[in-house]
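Chemist: Pasting in a structure now, in structure tokens, and then I'll have a few things to ask.
Read-outs throughout are calculated quantities, based only on the coordinates presented, and are distinct from any laboratory measurement. Bear in mind that the values here come from a model prediction, so they are computed numbers and not experimental data. Cβ atoms come from the backbone with ideal geometry, glycine included; neighbour counts cover every protein chain shown.
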Amino acid sequence: METVVSGIRSTGKLHLGNYYGAIHNFVKMQEKYNCYFFIADLHSLTTHPHPDNLHQNVKDILVEYLAAGLDPEKCTLYVQSDVPQIAELYLFLNMNAYLGELERSASFKDKVRMHPENVNAGLLTYPVLMAGDILIHKATKVPVGKDQEQHLEMTRTFSNRFNRIYNVDYFPEAYAFSFSDKLVKVPGLDGNGKMGKSNGGANAIYLSDTPEIIRKKVMRAVTDGGPSEENSSKPEPIQNLFQLISLVSSKDTYDYFNHLYNTCQIRYGDLKKQLAEDMIIATTPLREKIIDIASDKDYLHKVARMGADKARESADRTIKDVKEIIGFRQI
Ligand code: AMP
């Protein structure tokens, strides 16, 4: 069975874009592959979080992924810093990662531009830590978006270089993996592009949003003056609302509002009211699970320990092999 590794950002609540775009696939992947999903708290140190935030963020993210359907019995779900072997492999890989290639990374250049006051070595070697995350389980499949393709290419450079230096065929090549051929892109509420964390949270519906918040956000979604000609094409803000309806409402509801639009009888207030109620129906079970799981400290502790044990077992095998290959032997 092929091994999949995916990192999960350790900050930020999950929104419907994350849920339909990424987690749905994770939930299906865990049935078919040997999946390692980890909360990337070491990576988050590049931006220097406060100790309390770091802990709370990791816990919140773990709770939300469990509520969204990751099953700790089917996949290995763990916190990155619980597996020190990752940091050990990162150290070994750093010895053969060169300044020039790290400086050329597009995401490093972006971060330098955005935060010139915080260009730390962790930021520079971020792709090496990512390679450590993947290679520690000898994974071949990494579900990442286009923006991470360059990092994956660096992972292949580091693994091939390791194999060449030590004249072994140890690390496999890892490639970007798109589980489903149908890429779901969930639009946001601000009439412009995909759902995301921008706009102070008003653009996204979070899994933990209460019905009142959902109604408020949806009613404020951007629309226009309405169509003036029958069967005209929909401008982006309207297209986005229809796309959201197709995600959370029934086909009948979609067809009903589509007919009203095509015959110039649409009232956006009615459409938004329906969309808000259907979003509430879609998210309420998730929100309730989030509240339930967050209050069950014993369960969370058990899940985190179980994930750490399973991940360490796999990581330990790799580190033993790697040390042997490099030439560390007991005296
Ligand atoms: P982020 O919250 O930006 O770290 O996103 C994590 C992952 O969620 C991304 O790699 C995407 O797979 C997915 N994702 C985020 N926003 C959307 C969206 N609006 N539509 C579809 N997928 C999304």
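Chemist: How many angstrom separate the Cα center of segment 72-131 from the Cα center of segment 253-291?
Modeler: Using only Cα atoms to place each centre, the spacing works out to 42 Å.
Chemist: Continuing with this model, one more query. Roughly how many nanometres apart are two label points built 7 Å out from the Cα toward the Cβ at ASN192 and GLN330?
Modeler: If labels sit at ASN192 and GLN330, their model points lie 6.3 nm apart.
Chemist: Of all beta bridges DSSP finds with both residues in the chain, what is the antiparallel percent, to the nearest 5?
Modeler: For the chain, the DSSP antiparallel bridge percentage is about 15.
Chemist: Set the Förster radius R0 to 51 Å, insert the Cβ-Cβ distance between ARG267 and LYS323 as r into 1/(1 + (r/R0)^6), and round the FRET efficiency to 0.05.
Modeler: 0.15
Chemist: Any chance you could run the full-extension gain for ILE213 through ILE165? It's 0.36 nm times the residue separation minus the Cα-Cα distance, nm to one decimal.
Modeler: Length difference between fully extended and current span is 11.6 nm.
Chemist: Here are some pairs, LYS138/LYS182; LYS111/LYS138; LYS197/LYS297; LYS217/LYS272; LYS59/LYS302; LYS146/LYS194; which of them have Cα atoms lying more than 18 Å apart in this structure? List each step's numbers first, then the result.
Modeler: Values: LYS138/LYS182 27 Å; LYS111/LYS138 28 Å; LYS197/LYS297 28 Å; LYS217/LYS272 10 Å; LYS59/LYS302 13 Å; LYS146/LYS194 15 Å.
Too far apart for the 18 Å limit: LYS138/LYS182; LYS111/LYS138; LYS197/LYS297.
Chemist: Roughly how many debye, to the nearest 20, is the charge dipole of segment 1-135 about its Cα centre, given +1 on each Lys and Arg Cβ, -1 on each Asp and Glu Cβ, and no other charges?
Modeler: 360 debye
Chemist: Enumerate by residue number the chymotrypsin sites (Phe, Trp or Tyr not before Pro) in segment 252-331 meeting two conditions: DSSP loop (anything except H, G, I, E, B), and at most 13 other Cβ atoms within 10 Å of the site's Cβ.
Modeler: PHE328
Chemist: Do any GluC sites (Glu not before Pro) in segment 202-269 lie in a loop, going by DSSP, with at most 13 other beta-carbon atoms within 10 Å of their beta carbon, and if so which?
Modeler: GLU229, GLU230
Chemist: Around CYS35, which amide H atoms from residues at least 5 apart in sequence, or from another chain, sit under 5 Å from its own amide H, with H modelled in the peptide plane?
Modeler: VAL4, THR76
Chemist: Under unit Cβ charges (Lys, Arg +1; Asp, Glu -1), what dipole magnitude, rounded to 20 debye, does segment 211-322 have relative to its Cα centre?
Modeler: Dipole about the Cα centre, nearest 20: 480 debye.
Chemist: Separate question: Using a 4.7 Å cut-off between beta carbons, which cysteines in the chain end up with no partner cysteine at all?
Modeler: CYS264
Chemist: Let me ask you something else. Once Lys and Arg get +1 and Asp and Glu get -1 on their Cβ, which of SER6, LEU271, ILE291 lies farthest toward the positive end of the dipole of the chain?
Modeler: SER6
Chemist: If r is the Cβ-Cβ distance from MET306 to GLU236 and R0 is 41 Å, what FRET efficiency results, to the nearest 0.05?
Modeler: Step by step, r from the Cβ atoms, then E = 0.35.
Chemist: Which of the GluC sites (Glu not before Pro) across segment 107-154 are loop residues per DSSP, with 16 or fewer other Cβ within 10 Å?
Modeler: Sparse-neighbourhood loop GluC sites (Glu not before Pro): GLU117.
Chemist: Right, something else. If we sort 177-190, 278-291, 123-136 on the protection proxy, mean other Cβ atoms within 10 Å, highest first, what's the order?
Modeler: By packing density, highest mean first, the sequence is 123-136, 278-291, 177-190.
Chemist: Need the full-extension length gain, ASP147 to LEU260, defined as separation in residues times 0.36 nm minus the C-alpha distance. One decimal, nm.
Modeler: 36.8 nm
Chemist: Oh, and also: Between ASP296 and THR47, with labels modelled 7 Å along Cα→Cβ, what's the label distance in nm to one decimal, could you check?
Modeler: In this crude label model, ASP296 to THR47 measures out at 3.0 nm.
Chemist: So, one more: With r defined as the distance between the Cβ atoms of ASP181 and GLU101 and R0 fixed at 45 Å, what FRET efficiency is calculated, to the nearest 0.05?
Modeler: Numbers: r = 32 Å, r/R0 = 0.72.
The pair ASP181/GLU101 has a calculated efficiency of 0.90.
Chemist: Could you check the spin-label model distance between ARG156 and MET1? Points 7 Å from the Cα along Cα→Cβ, value in nm.
Modeler: So the label points at ARG156 and MET1 sit 2.6 nm apart.
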